[in-house]
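The block underneath contains the structure these notes are about, expressed in structure tokens.
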Amino acid sequence: GNLSLSDRADGFLSVDFSPAQVLEMHRRIPIIVGEQAQSLVGFLMGSTVDDSASIPILARMIGCYGSLRFEGRFLSEYRSYVYGPVCVDRAVRGQGVFENLFRACLAELAGHFEVGVLFISAENPRSIAAHRGKLGMEWVGDFEFDEKVFHVLAFHVPVKDVSDSGYNGTILRR
């Protein structure tokens, strides 16, 4: 909400989280942090479906799970979590930080969930391209909130540990 239109073209978040909400989310699903040269260069968060239900836009998305299909099953039939938000410093974009954060997240959550689900504003083509193009996430439908359209994407969480997949030089920690 604080970004200019030109800044929004470079990607943006659609939810403001209070410090208490961030802490509660982190208690159940660790925040993955990317560092380079002892500087924070990115982070990736997630939350359980139960924790997300108290946030209006996430509750709206979760309310659609019974009508959105991913690989032949409704999202409501999966053991899922809500992926995001994710942010990467502009100075290191295109250097693999985004992909490394995602790999670390998959390693952390392997075996705990079947599917990750996220939403992206239809007005955020940079994020849509990154999640669909770079990470191969699948579009499963749309929902409206506050007179805006949001795309819902889903992806599989591995059933086993994938921590040996390599992180391309970026230090990642919980």
Protein-only accessible surface order, largest first, of H131, H156, H151 at 1.4 Å: H156, H151, H131
Qualifying GluC sites (Glu not before Pro) for region 21-98 [loop in DSSP, other Cβ within 10 Å: at most 10]: E71
E71 versus V92, label points 7 Å from Cα toward the beta carbon: distance in nm? 3.0 nm
Projected onto the charge dipole of region 31-174 (+1 at Lys/Arg Cβ, -1 at Asp/Glu Cβ, origin at the Cα centre), which of F98, Y78, V115 gives the Cα projection farthest towards the positive end? F98
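The values are calculated or read from the model by the stated rules, or taken from the named source; none is laboratory data. Predicted, not measured: the structure shown is a model, and the values here were computed from it. FYI the Cβ positions are ideal-geometry reconstructions off the backbone, even for glycines, and counts take in every protein chain you see. When the accessible area is computed, the model is the full protein with side chains, heavy atoms only, and any ligands, DNA or RNA have been set aside. Shrake-Rupley method; radii C 1.70, N 1.55, O 1.52, S 1.80 Å.
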